[in-house]
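First the structure, in the form of structure tokens, and then the observations on it.
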Amino acid sequence: MSNINTISEFLVHAGTDYRVFDMARGIRVVDSQTFLEIENGEIAAPYPRQQHAWFGILFFNKQLSTEHYIWFVKLPLDEQGKIISAGRKQFLQIVTEALGAQLDKTDNPNNQLPENPFTFVPNQNQLADFNAKSRCLLNIEPSHQFTHIKQHINAPHSQNWQTLTVQEIADFCAQIQRPAHSQLLVEHFETLAPELQKALCTSLENNTPPKALIDTLLAWQTKAPTCLVRAELTLRGTSQSPQSSNIKAYLINLLQSDLSKEPNVLILISARHWLYLNDADVLALYVQALAEQDSQLFAGLFPDLVQIPAIRNTMLNVLRWPEKSQALTKAIGHLFGQEQ
């Protein structure tokens, strides 16, 4: 065990198969080679949040058990967004002390780890989406066959939406690429109870809806352009869609409206649509809207955005803009403790 320096190596040494999901800014599959490179500090974590990389690790040993085990791990990052090796090694030490070199031990059948600063507990929705995406990745069918949720979406007034479970909604959204699933939402989304619309969009942010459903969500928000709830749900539901001119236009319209003054809107753009900040038009509107907020929000979001590799240079360049508004100058001054 002394030669093992990464979680990847530990899991391989223990004889397990494993799958890794990035949990920081929506749930995304991470291939094993990329995870190893992130662990070794060869590349920056692609989706950092709060100076940590957040992972869900699913592992199993088919030869010993039919059970699947999960660790939710957060590892600290340096100023370049790379994993700090000392943190990773400390986590491995906790693992080996708790479990030894061999998993599936009889004295710890669930491979549970003691409380430590490197693990976290997802909320109920995240956990349901993680379970759903894990089953899809492993080609494990959910226990139900979507009959209940399909019936409700097709005829929402015929039964109470509260009879649907969080896991059932997550399983449905994890397979949103199925034409039967996406078409149902395209046809009936606007007729669903607001609470169910919220649950669906919250789950869709961890999946990739097809274009027709994305267009449905954008059109739904456009019909009530001043509605904060619709804006927030549309930002969530479209977050993992491929970049498009439609979403860019939506973000620009949103940032030119009074909703740009809402902290949750700015938080969701940074958390779910950060790639669009590489667009000069979106960036200018977003940075100005953020600068006009409370200085604490700017100080919380801006450094977080700088750590994202895909937009790091773009965000750093904001500090060098030759012409800054008074609000932006003041916000940057707060950020560096140099308020005029």
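Odds and ends about this structure:
- Excluding ligands, DNA and RNA, the accessible surface per residue across the range 231-340 is 47 Å² with a 1.4 Å probe.
- The accessible-area ordering, largest first, of the residues ILE7, ILE94 stands as ILE94, ILE7, per a 1.4 angstrom probe.
- The convex hull drawn around the Cα atoms of the chain, when projected onto a plane and averaged over every direction, covers 18.9 nm².
- When the chain is treated as a GNM with alpha-carbon contacts under 10 Å, the residue of HIS152, HIS144, HIS188 showing the greatest mean-square fluctuation is HIS144.
- Taking every full run of DSSP H in the chain, the ones that stretch at least 18 Å from end to end by Cα along their long axis and average 0.0 or higher on the Kyte-Doolittle scale are 85-99.
- Using a Gaussian network model of the chain in which every pair of alpha carbons under 10 angstrom is joined by a spring, one finds that among LEU185, LEU58, LEU113 the greatest mean-square fluctuation is at LEU113.
- Largest GNM mean-square fluctuation across SER257, SER85, SER270, computed for the chain with C-alpha springs under 10 Å, falls on SER257.
- Rg in Å to one decimal, and Dmax rounded to a whole Å, for the range 21-168 via C-alpha atoms: 18.2, 57
- Exposure rule at most 13 other beta-carbon atoms within 10 Å, DSSP loop trypsin sites (Lys or Arg not before Pro): the chain longest free segment: 106-222
- Under DSSP loop assignment and at most 15 Cβ neighbours within 10 Å, longest GluC sites (Glu not before Pro)-free interval of the chain: 116-322
- Model label zone, THR208; criterion: amide N under 14 Å from point 7 Å along Cα-to-beta-carbon; scope the range 229-247: 239-244
- Other residues with beta-carbon under 13 Å from the beta-carbon of SER8 carry, at +1 per Lys or Arg and -1 per Asp or Glu, a net charge of -4.
The values are calculated or read from the model by the stated rules, or taken from the named source; none is laboratory data. Bear in mind that the values here come from a model prediction, so they are computed numbers and not experimental data. For neighbour counting, all protein chains shown are included, and Cβ atoms are generated from backbone atoms with ideal geometry for every residue, glycine included. Please note that ligands, DNA and RNA were not included when accessible areas were found on the heavy atoms of the full protein model with its side chains. Shrake-Rupley method; radii C 1.70, N 1.55, O 1.52, S 1.80 Å.
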